[in-house]
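Asker: Quick one: the structure is below, questions incoming.
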Amino acid sequence: MLPLRKILCPTDFSEPSYKALKAANELALHFSAALVLVHVVPLVIDIPTSADFYIPSDVQTAKAHAKKALQEVVEKRISEKVRIRTKVVIGDPGDEIVRTAADENADIIVIATHGLTGWRRLIFGSVAEKVVRLAPCPVLTIQSPLERR
């Protein structure tokens, strides 16, 4: 596993995912590793998720928005010393993160947990949990505070 040469870090543009990205950035700097930042556009179509975020029915539009958002994240949150590539894929987030890690030959995945409990965890499941079970490489999970509602 060591030294790390390639780190995969998925983001859903949430604060917990930015905590994981910070850890991935630090690891990349420490090991002079390449960082692959990936966002998965889910196959769920035309569902308003909140006032701030909406999944458009046009997958290409969703991909374009995600690519732009990834570039902004890179500019704001990644050291200029880190070799970075961004990638947008479509599908089930857990499956696509695992597939991307295999395709990229990642040495480690750095992923956030969202701390869901109760009915939310039951309904939404855990992408991080699925990635830990199926990943072809070690997974570093970065915990966020538990959400208790």
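Rule-based calculations on the coordinates, nothing more; no lab input. Quantities reported herein were computed from a predicted structural model and do not represent experimental measurements. Counting neighbours? That spans all protein chains shown, and the Cβs are built from the backbone with ideal geometry, glycine included.
Asker: If you take the beta carbon distance between GLU129 and ASN105 as r and set R0 to 22 Å, what does 1/(1 + (r/R0)^6) give as a FRET efficiency, to the nearest 0.05?
Answerer: Working: r = 23 Å, r/R0 = 1.05.
It comes to 0.40.
Asker: Taking H as built 1.01 Å from N, whose amide H comes closer than 5 Å to the amide H of ILE90, not counting residues under 5 places away?
Answerer: VAL41
Asker: Considering amide H positions built from the backbone, and no H for Pro or chain starts, which residues 5 or more places from SER126, or on another chain, come under 5 Å of its amide H?
Answerer: Correct list: empty.
Asker: List the lysines whose Cα sits under 30 Å from the Cα of LYS81, skipping any in the same chain fewer than 8 residues away.
Answerer: Within the straight-line limit of under 30 Å, LYS81 reaches these lysines: LYS6, LYS19, LYS22, LYS63, LYS67, LYS68.
Asker: When the chain is fully extended, how far beyond the present Cα-Cα distance does PHE13 get from GLN60, taking 0.36 nm per residue of separation?
Answerer: Full-extension gain reported as 15.1 nm.
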